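The structure under discussion appears below in the form of structure tokens.
The values are calculated or read from the model by the stated rules, or taken from the named source; none is laboratory data. These numbers were taken from a predicted model, which means no experiment stands behind them. No Cβ is skipped: glycine too gets one built from the backbone with ideal geometry, and neighbour counts run over all protein chains shown. Quick note on the areas: whole protein, heavy atoms, side chains included, nothing else; ligands and nucleic acids left out. Shrake-Rupley method; radii C 1.70, N 1.55, O 1.52, S 1.80 Å.
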Amino acid sequence: QRRAHDEERAAKAVLEAFLERSADLICVHDADGSVLYASPAAVEVLGEPLDPGDRMPWHRVHPEDVVRGVDTYAALIENPGSTERFEARIDSPEGWRHLEIVATNRMQDTAIGGIVSNVRDITERAEAAARLSWQAFHDGLTGLPNRALLMDRLTQTLERTRRRGERTALLFVDLDRFKHVNDERGHEMGDLLLQEVGVRLSRAVRAADTVARFGGDEFVVVVEGDDQVDVLADRVRQALEEPMVVAGVRVGVSASIGMAFDNGQSPERLLRDADAALYRAKERGRNRVEV
């Protein structure tokens with residue numbers, strides 16, 4: 001009996017040491033969300049301790065994740081012995097923390113009598129994945145959508161406008177005299193100028209429109225709907241015609257714009273049509289819009 005008691009005490013000490021040193025939060029709660037047990041890692045993972053009798057902190061979960069979390073636990077309660085894995089964001093003084101939760105229904109186990117949740121902070125991993133995803137679809141200099149995201153947005157916009165019986169318009173924007181700025185002021189000044197152009201384009205268009213950097217000094221605007229597109233195109237041209245102060249230096253450029261309208265062609269063909277219109281604008285004197 002003494003030997004069995006010593007072995008039980010040793011096993012309990014090992015378990016307590018494991019729980020105390022684990023970076024993951026291990027907690028047990030009942031079907032109503034009342035905490036039965038929580039390991040000390042609650043402070044690190046949640047930013048606050050969890051004590052027996054406390055409620056699970058659903059009020060701090062991101063609104064977009066609450067329904068999924070509630071539905072997951074509801075499914076767990078209905079299926080004894082089942083395990084569910086999901087992710088959720090929880091509010092903290094440092095911002096939203098990303099948590100990975102693996103929950104198992106042990107309510108019928110008399111020794112446990114609740115749902116066991118293993119909660120891990122995966123914020124660094126989630127943010128790294130988000131950065132990689134952002135970099136894959138955005139231009140690193142201007143922060144605008146790149147060519148890959150442009151084609152995706154254009155495809156989606158064409159589908160929406162066609163369903164509504166409307167037309168998508170495309171503006172292909174190319175800066176005039178940009179090479180002169182690069183040659184005279186250097187590439188660093190050219191990069192700062194492109195950033196300012198991106199800001200001005202974003203301010204000139206509507207919220208539903210997409211501004212993307214196509215490459216070099218070329219930008220593309222996807223206009224959802226063809227209502228007063230000519231007015232929008234001229235507003236874009238005027239916005240870029242206004243002199244810009246870049247790094248304390250006054251820089252003047254203008255923009256040639258090619259405009260094309262959806263007539264049932266593929267996204268790639270629509271882009272080529274706008275590019276052809278841009279070429280015509282360059283031929284006819286620049287700083288103008290051609291359809």
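Here is a check on your reading of the model: is residue 254 closer than 26 Å to residue 187 by Cβ and among the polar types (S, T, N, Q)?
yes
Could you list all residues from the range 205-251 that are among the hydrophobic types (A, V, I, L, M, F, W, C) and farther than 25 Å from residue 148 by Cα?
Selection gives 231, 239, 244, 245, 246, 247, 249, 251.
Give me the pairs, please: first residue somewhere in the range 263-291 and among the aliphatic types (A, V, I, L, M), second residue anywhere and open to solvent by 90 Å² or more (accessible area, probe 1.4 Å), beta-carbon distance under 7 Å, and either six or more positions apart or on two chains.
277/291
Please find, within the range 118-143, the residue that is most open to solvent (accessible area, probe 1.4 Å) out of those that are under 30 Å from residue 203 (Cβ atoms) and in a loop (DSSP other than H, G, I, E, B).
Checked the range 118-143; the qualifying residue most open to solvent (accessible area, probe 1.4 Å) is 140.
Output the residue which, of all residues in the range 57-81 that are open to solvent by less than 30 Å² (accessible area, probe 1.4 Å) and under 19 Å from residue 112 (Cα atoms), is nearest to the chain's Cα centre (by Cα).
Per the stated criteria, the residue is 73.
Take residue 146 and tell me if it is more than 30 Å from residue 197 (Cα to Cα), out of contact with any Lys or Arg (no Cβ under 6 Å at 6 or more places or on another chain) and surrounded by 12 or more Cβ atoms within 10 Å (Cβ to Cβ).
Considered against the rule, which asks whether it is more than 30 Å from residue 197 (Cα to Cα), out of contact with any Lys or Arg (no Cβ under 6 Å at 6 or more places or on another chain) and surrounded by 12 or more Cβ atoms within 10 Å (Cβ to Cβ), residue 146 comes out as no.
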